[in-house]
Structure formats: structure tokens, C-alpha cells
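Each remark here refers to the structure printed beneath this line.
The values are calculated or read from the model by the stated rules, or taken from the named source; none is laboratory data. This is a predicted model, so every value here is computed, not measured. No Cβ is skipped: glycine too gets one built from the backbone with ideal geometry, and neighbour counts run over all protein chains shown. In case anyone asks, the SASA skips ligands and DNA or RNA and just uses the protein heavy atoms, side chains included. Shrake-Rupley method; radii C 1.70, N 1.55, O 1.52, S 1.80 Å.
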Amino acid sequence: MHEQPMSQRDGTEKNFVFIVAGLFALLLGVVVWLNYSTPPTESQQKKIETQRATVLPQLKKLRPFALFDQQGKPFDNQSLLGQWTFLSFGYTHCPDICPTTMALLTNMKQRLQSVETALPYKIAFVSVDPERDTQQRLAEYVSYFDPSFIGVTGSDDELKRLTQPLGILFAKVETEKSAMGYVMDHSASIILVDPQGRYHALFSPPHDAAIMTEDFIAITENY
């Protein structure tokens, strides 16, 4: 077998090393370019320090739903765009949790009015008792706490289209002890939807107006 001269073998080996090094540098450059030029995905959200709120690591738009407000106007996914939206769930005949939560949201709004950096937001009370909570009833209820609050309800099917993906549960419970004939068991969590209509954060009970205010500011400042 004819053996290559030493100088020729050295040159071949050097060329091979240069080729490998070049390919490695090219690959490294592609990786760096992807890391710095590609915007973060929704699952790569910056971790936000909050006291009570749980910010979702992966943001997803809400499932399509169609409800109506206390004026009979549609309240759907389009209604969530362009501002932050707090969604509170309950019913107007609720004896304790709902009025307490509504009073807390009123307090939070008063606190936010003194903060210039707070982005536009609205507060919606979603009734899970459409059988009794008519438009008039909802209008009277939410306006008692604040005229700007929105009262929302709809059919059971449409309510579930909104609530189930959010982890909000509700159920009708017949009871002889209630003069109303039944009560509604429901989750007491407050959902925060961002201006893109995505489920952004969860406020679990027990709620505190001052802490919710600070957490909301922290979330909006890092949006």
C-alpha cells in the first residue's frame, strides 16, 4: 500500500480540524442568534415576585364564550381585549362571600386610583345563578358597590365554557334551610385576564385589598 507523505498527511489533518472547528463555530453562532433574536414564547414568561397572586407560567387565551352584561350587551372574548379584567364569580343572593369580595374589589379600586402607573382595567362580577339574577337584579347589585362594575351572566352551558378552563366550579344545592330554596356553591378565587384576553393570574382566598393592589401593580409593570 502506498503511504501518503508526512507533509501531505499533516495538511489533510489540519484541513479536517479547520472544517470541524468551522462547523462548530457556525453551530454556536446559530444557537446564540436564536437565543437573542427569537422573542420569548408565552411559556417563557419572566418570573414575577408577588405576595399572594399566582402568575401562570404559560398564558393561553380563554375558550370562546358568549354571556351578556346587566345592560343586555354581549360579554365575550372580545370584551376582554384592550384592558386588564378581574373576574369574580358568585351570585347576588350569596349571604357572605360575594358581598365581602365585592367590597374588597371596591377597596382595591380606590387604592389603584392613586397609582398613576396602573394600566386600564375593569371589574366583572359573573353570576353563576342565571335563574334568579336577571339584568335588573345584576344592575342593582353591582352598582351598589361601584357604578363602573360589570354584572355578567348567561346560560349554564356558556358559563361553564368560561369557568371550567379557569378551574372555577359552581353547583346548585337544594336546601330546606334557605328561604330561597337553594344556594349556589362556587369557587371564591378571582381571575385576572390580561389585555390580550389571556388567563394571566389567579388570586386565591383569603383576599386582601392592599396585597391584591400591590400584586396587580407588580404584574402590570412586568407585562
Heavy-atom accessible area of residue 63 with all protein chains present, probe 1.4 Å, nearest 10 Å²? 110
Over all pairs of different Cα atoms in the range 44-164, the reciprocal of the mean inverse distance gives a Kirkwood radius in Å of 15.5
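Net charge near residue 80, counting Lys/Arg +1 and Asp/Glu -1 over other residues with Cβ under 15 Å of its Cβ? Mind showing how you got there, number by number?
Values: positive: 60, 61, 63, 73, 122, 161, 198; negative: 69, 76, 158, 194.
With Lys, Arg at +1 and Asp, Glu at -1, the neighbours total +3.
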Just read off the accessible area of residue 221 with the full protein assembly in place, 1.4 Å probe, to the nearest 10 Å². 120
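Net charge within 15 Å of residue 158 by Cβ-Cβ distance, Lys/Arg positive one each and Asp/Glu negative one each, not counting residue 158 itself?
Once positives and negatives cancel, what remains is -3.
What FRET efficiency do you get for residue 52 and residue 148 if R0 is 22 Å and r is their Cβ-Cβ distance, rounded to the nearest 0.05? Walk me through the numbers on the way to the answer.
Working: r = 24 Å, r/R0 = 1.08.
Once the sixth-power term is evaluated, E becomes 0.40.
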Can you pull the accessible area of residue 175 for me, 1.4 Å probe, Å² to the nearest 10? 40
Karplus-derived 3J(HN,Hα) from phi for the range 187-195 (6.51 cos²θ - 1.76 cosθ + 1.60, θ = phi - 60°), whole Hz, x at Gly and Pro, runs 5, 9, 6, 10, 9, 10, 9, 7, x
Residues meeting the amide H criterion for residue 66 (H placed from the backbone, H to H distance under 5 Å, 5 or more places apart or on another chain) are none
Can you give the local net charge around residue 50? Use residues other than it whose beta-carbon is closer than 9 angstrom to its beta-carbon, Lys and Arg +1, Asp and Glu -1. -2
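How much length would be gained if the chain were fully extended between residue 119 and residue 60, taking 0.36 nm per residue of separation minus their Cα-Cα distance, in nm to one decimal?
Numbers: separation 59, 0.36 × 59 = 21.24 nm, distance 2.03 nm.
Between residue 119 and residue 60, full extension yields an extra 19.2 nm.
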How large is the accessible surface per residue of the range 99-145, computed with a 1.4 Å probe and reported in Å² as a whole number? 52
